[in-house]
Amino acid sequence: MNRSTKQYGAALILLLIMVGFATILVKPALANGDEVGEYWEEYGEYDEYENEYAEAMGEIAFYLGLLLNLGFVAVRWARFVVNTPPGLQRLALELHMDGNIVLTIPALWHAYTFIDKAGPVEYAAVTLILVLTLSGIVMRYYRNRRARLIARMIHSQRILALLLLVLLLIHVAGVED
């Protein structure tokens with residue numbers, strides 16, 4: 001991979017991480033300078049804001065995750081049809097790895113906020129998100145060969161990714177108004 005590809009890759013990963021953390025740290029402000037939480041607690045609308053915020057976190061995690069993972073799959077499969085540059089393959093892999101770690105945060109925030117409304121579909125989706133993310137982290141950062149092989153066996157099961165996608169689509173369809 002050449003130097004410019006590494007720089008662009010690092011910049012994209014940094015941007016993705018910043019977007020991930022920005023979505024968590026965003027705090028609305030009132031024009032009169034009052035604290036938002038105090039204002040909404042006084043008028044009883046704070047829970048509604050918290051739910052809207054958590055809903056937005058779920059949408060961000062879903063759509064960005066779908067984009068990242070479908071992009072990664074497209075680049076991986078394209079290498080069998082056309083000669084894709086190794087830099088593009090590495091960039092797709094980096095975005096897939098770092099992006100999914102970052103997107104797990106808003107996904108879990110969304111799940112935690114709506115835990116009282118969760119059913120078997122949501123619990124299964126969260127379990128799969130955690131299994132796939134943790135196995136990906138082990139594959140990337142853990143140095144024990146045996147642990148990495150076990151994580152790879154789990155993480156590379158396409159049926160788990162498809163099952164997660166189906167569960168998330170069922171979840172999204174089930175919560176539509």
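The values are calculated or read from the model by the stated rules, or taken from the named source; none is laboratory data. As the structure is a prediction and not an experimental result, all values here were calculated from the model. Heads up, the Cβs are rebuilt from the backbone with ideal geometry, glycines too, and the neighbour counts pull from every protein chain shown. Each accessible area value is taken on the protein alone, full model and side chains, heavy atoms only, with ligands, DNA and RNA left out. Shrake-Rupley method; radii C 1.70, N 1.55, O 1.52, S 1.80 Å.
Scan the stretch 52-102 for chymotrypsin sites (Phe, Trp or Tyr not before Pro) in coil per DSSP, keeping those whose Cβ has at most 11 other Cβ atoms within 10 Å, and list them by number.
Details: sites: Tyr53, Phe62, Tyr63, Phe72, Trp77, Phe80; in loops: Phe80.
Answer in residue order: Phe80.
Surface listing: Val102, Val172, Val166 arranged by accessible area from highest to lowest gives Val166, Val172, Val102, probe 1.4 Å.
Considering only the Cα atoms of the stretch 57-117, their convex hull presents on average a projected area of 4.4 nm².
For the stretch 67-76, the Karplus equation 6.51 cos²θ - 1.76 cosθ + 1.60, evaluated at θ = phi - 60°, returns couplings of 4, 4, 6, 5, x, 5, 5, 4, 5, 5 Hz by residue, with Gly and Pro reported as x.
Tell me, rounded to the nearest percent, the portion of alpha carbon pairs in the stretch 119-176 spaced more than 17 Å apart. It would help to have the intermediate numbers written out before the result.
Working: 699 of 1653 pairs.
The calculated P(r) of the stretch 119-176 puts 42 percent of pairs beyond 17 Å.
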